[in-house]
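Where a number appears in this text, it was derived from the coordinates with a stated rule and is not lab data. None of these values were measured; they are calculated from a predicted model. Here Cβ is always computed from backbone atoms with ideal geometry, including for glycine, and neighbour counts include all displayed protein chains.
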Amino acid sequence: MTQHSSATVGHALPLSVPGAGLKAGLGWGLLGVAAFSLTLPVTRIAVQDGGLSPLFIGSARAIIAAVLAAAALVLTKQRFPQRRQWIRLAVVAGGVVLGFPLLTSFALTSAPASHGAVVIGLLPAATAVAAVVRGHERPPLLFWIMAAAGAAAVVAFTALHGGGLGGLRWSDLLLLGAVAAGAAGYAEGGLLARELGAWQTVSWALVLAAPLMAVLTAAAVVRQPPSGSPGEWAALAYLGVVSMFLGFFAWYRGLAIGPMAKVSQIQLVQPVLTICWAALLVGEQLTWPTLLGGAAVIACAAASVRVRLRR
C-alpha cells in the first residue's frame, strides 16, 4: 500500500493531468501495484534460507531506498519541509519505513507469502479507518460494518490456519501489527502529500528514518554477518530499489494523471497478484482457505473504501 491508496483518497486534493486520459492513469497505477505485489513473495525469498536476517532485510532495504530518495530530492531541488511537517513525517516513517517492512520481514520467516497477502489485504480498510479518525470524519454505519467484517474475516482466516483462536501464530500478530503500522503511516502520508507532494513525502520519510535504519543495519550485521546467496541479495535489491522507491513513482504518476478515486481502486487487486506471485516464485500451493479468505478480505476492504469515497 501507498500513501495515496484507495483508503486515503479524499475529495480535497485534485491531482490530474489534463488530457492524459484514464487509460494512461490506470496503466501507470497498475504498474505500481504490480511492483508492490511482489514485495511479500520477494521478502519470503530473502528470508527463507536464513543467510540474511529479518532485521538486516527490513533495515537495509530502507537504506537503499533512502540513498535513492536523497538523490532525487537533491537533483530536483526540493525545499525542506517545515518544522511542524517533520513531526508528521516521523509518523509516516514510523509506519511505512520502520514498522511495516520490519514486521513483515520477521513474519515471513515462518508464514507463507500467500498467507501474509490475505492478512495484509486488510490494509485498505484499516487505512480508511485511520484516515476517518485522523480527519475527524463521520462516515455512515455501513462503513464501520464493512471494516469490522474485514477484520473478522482476517481473524477467521488466521484462526482456521492456526487450528482455532488459541492457535494464532506469532507471525499472524506481526502481520496484524504491520497492518496497523502501515495504516497509520499511509493515512498521515495521504494528508501530508497534499502539502509536500506525493513522492516527496515518501522520500523525506525515508531520509528522516535513514539514521535509525543505519544503526539497525549495523546492529544486524554485528549480530549475524550477512551470508546470503545471490538470489537473496537480488531479493534485497528489489525490495530497496523497487518496493520502497521506484514503485512509488509509477503509482503516484498514475494517481496524478487520475482520476485519483478510480485509479486508486486498482490497489484492491494487489493481494490477488501477491498470491499468484507466491505460487509462481516461491512454489506455494493455492488452497481453498487462502483463496476464499483473500476474496472475503478484498470484498470487505473494497466495500468500506468505496462507501467512504462515495461520501
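Rounded to whole Hz and in sequence order, give me ³J(HN,Hα) for segment 198-208 from the Karplus expression 6.51 cos²θ - 1.76 cosθ + 1.60, θ = phi - 60°, writing x for Gly and Pro.
Listing the rounded values in order: 6, 5, 5, 4, 4, 5, 5, 5, 5, 5, 4 Hz.
Go through segment 100-107 residue by residue and turn each phi into a ³J(HN,Hα) via Karplus (6.51, -1.76, 1.60, θ = phi - 60°); whole Hz please, and just put x for glycine and proline.
4, x, 5, 5, 5, 4, 5, 5
Each residue of segment 87-99 in turn: what ³J(HN,Hα) in whole Hz from Karplus with 6.51, -1.76, 1.60 and θ = phi - 60°, glycine and Pro shown as x?
Karplus values, whole Hz, x for Gly and Pro: 5, 5, 5, 5, 5, 4, 4, x, x, 9, 9, 9, x.
Under a 10 Å cutoff between Cα atoms, tell me which one of 200, 270, 285 has the largest fluctuation in the Gaussian network model of the chain.
Ranking 200, 270, 285 by mean-square fluctuation puts 285 first.
Among 125, 151, 234, which one moves the most in a GNM of the chain with springs linking Cα atoms closer than 10 Å?
Result for the chain, Cα springs under 10 Å: 234 fluctuates most.
When ranked by the protection proxy of mean other Cβ atoms within 10 Å per residue, highest first, what sequence do the peptides 102-112, 189-199 form? Show your work: numbers first, answer last.
Numbers: 102-112: 23.1, 189-199: 21.3.
Highest mean packing first, the order is 102-112, 189-199.
Given the options 241, 74, 42, which has the most mean-square fluctuation in a GNM of the chain, springs set between C-alpha atoms less than 10 angstrom apart?
Checking each option, the largest mean-square fluctuation is seen for 74.
Treating only the Cβ atoms of Lys and Arg (+1) and Asp and Glu (-1) as charged, compute the dipole magnitude of segment 42-192 about its Cα centre; round to the nearest 20 debye. Don't skip to the end; give the middle numbers.
Values: 10 positive and 4 negative charges, 119 e Å.
For this selection, approximately 580 debye.
Taking a ≥ b ≥ c as the square roots of the Cα gyration tensor eigenvalues, with a/c under 1.5 meaning rounded and otherwise prolate when a/b beats b/c, else oblate, which class fits segment 13-164?
It is oblate, given that a/c is not under 1.5 and a/b is not larger than b/c.
In a shell of Cβ-Cβ distance under 13 Å around residue 105, excluding residue 105 itself, what net charge do Lys and Arg (+1) and Asp and Glu (-1) give?
Every neighbour counted, the sum reads +1.
Over segment 22-310, calculate the relative contact order: mean separation of alpha carbon pairs under 8 Å at least 6 apart, over the residue count, as a percent.
Here the relative contact order equals 45 percent.
Based on Cβ point charges of +1 for Lys and Arg and -1 for Asp and Glu, what charge dipole magnitude is obtained for the chain about its Cα centre, in debye rounded to the nearest 20?
Roughly 960 debye for the chain.
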